[in-house]
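To start, the structure itself, in structure tokens.
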Amino acid sequence: MFFLKELPSRRMVEGYADRFDGVDPAKVLGALELMRAGSLLIRELEAYFASRGLSQLRFLTLILIDREPDRTSLTVGEIAERLDVSRPVVTRTMQGLEQAGLIAISANEDDARSKEVSLTRTGQSKLGEVLPGYFAILHRAMSAGEA
């Protein structure tokens with residue numbers, strides 16, 4: 001998260017940038033604006049997911065499983081590799097999704113040490129409920145400033 005409500009002025013950034021060789025104040029300001037916009041977008045998405053009984057991580061886990069065109073499941077290991085969180089966090093997330101009835105975890109037929117994770121009908125329904133608003137938020141974020 002980026003916690004500045006008000007970005008520094010161009011003058012302030014130029015004052016700091018003058019101290020360092022090769023620093024372009026416009027690029028620094030652009031990066032700060034990008035960080036602020038990203039933070040606001042993440043906050044909006046987190047509030048949206050929370051209003052639908054999910055978190056960003058739970059949503060992303062469901063999407064990872066759903067976005068595979070030729071498969072109906074992923075292994076726990078595959079999910080862990082595709083998320084930027086620790087393995088224990090993935091495990092807790094899976095447990096919560098399973099308890100909520102959004103995923104089913106079963107033994108892998110080819111590897112007894114591995115588990116397969118698939119969406120349940122409830123999980124598919126939850127995605128169907130959440131995806132329109134998710135895409136609307138992303139579209140609105142990228143349309144801001146267009147006229």
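Annotations
- Residue match in region 36-53 (condition: at pLDDT 95 or above, assigned to a loop (DSSP other than H, G, I, E, B) and closer than 30 Å to PHE2 by Cα): yes
- Filter pass, ALA136 being part of a helix (DSSP H, G or I) and modelled with pLDDT of 90 or more: yes
- If you filter region 75-124 down to residues that are among the hydroxyl-bearing types (Ser, Thr, Tyr) and assigned to a helix (DSSP H, G or I), you find that the one that is nearest to LEU64 (Cα to Cα) is THR93.
- Residue that is surrounded by the most Cβ atoms within 10 Å (Cβ to Cβ), among those in region 62-103 that are of a type in the set (Gly, Ala, Ser) and more than 15 Å from the chain's Cα centre (by Cα): SER73
- The single residue among GLY96, GLY53, GLY101, GLY38 that is closer than 28 Å to ILE137 by Cα and in contact with a Phe, Trp or Tyr (Cβ under 8 Å, 6 or more places away or on another chain) turns out to be GLY38.
For every residue, the table says whether it meets (1) of a type in the set (A, V, I, L, M); (2) under 30 Å from LEU102 (Cβ atoms).
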{"site": "GLY15", "(1), (2)": "no, no"}
{"site": "LEU32", "(1), (2)": "yes, no"}
{"site": "GLU46", "(1), (2)": "no, yes"}
{"site": "SER51", "(1), (2)": "no, yes"}
{"site": "ARG58", "(1), (2)": "no, yes"}
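- Criterion (hydrophobic (A, V, I, L, M, F, W, C) and touching an Asp or Glu at 6+ places or on another chain (Cβ under 8 Å)) met by exactly one of LEU45, LEU83, LEU74, LEU54: LEU74
- Checking VAL23 against (1) without any contact (Cβ under 8 Å) to a residue 24 or more places away in the chain; (2) assigned to a loop (DSSP other than H, G, I, E, B); (3) assigned by TED's automatic domain parsing to the domain that holds TYR134; (4) hydrophobic (A, V, I, L, M, F, W, C), the condition it does not meet: (3)
- Yes/no for LEU97 being under 17 Å from LYS126 (Cβ atoms), touching a residue at least 24 places away in the same chain (Cβ under 8 Å) and touching a strand residue (DSSP E or B) at 6+ places or on another chain (Cβ under 6 Å): yes
The values are calculated or read from the model by the stated rules, or taken from the named source; none is laboratory data. Computed from a predicted model, the values in this text were never measured in an experiment. Heads up, the Cβs are rebuilt from the backbone with ideal geometry, glycines too, and the neighbour counts pull from every protein chain shown.
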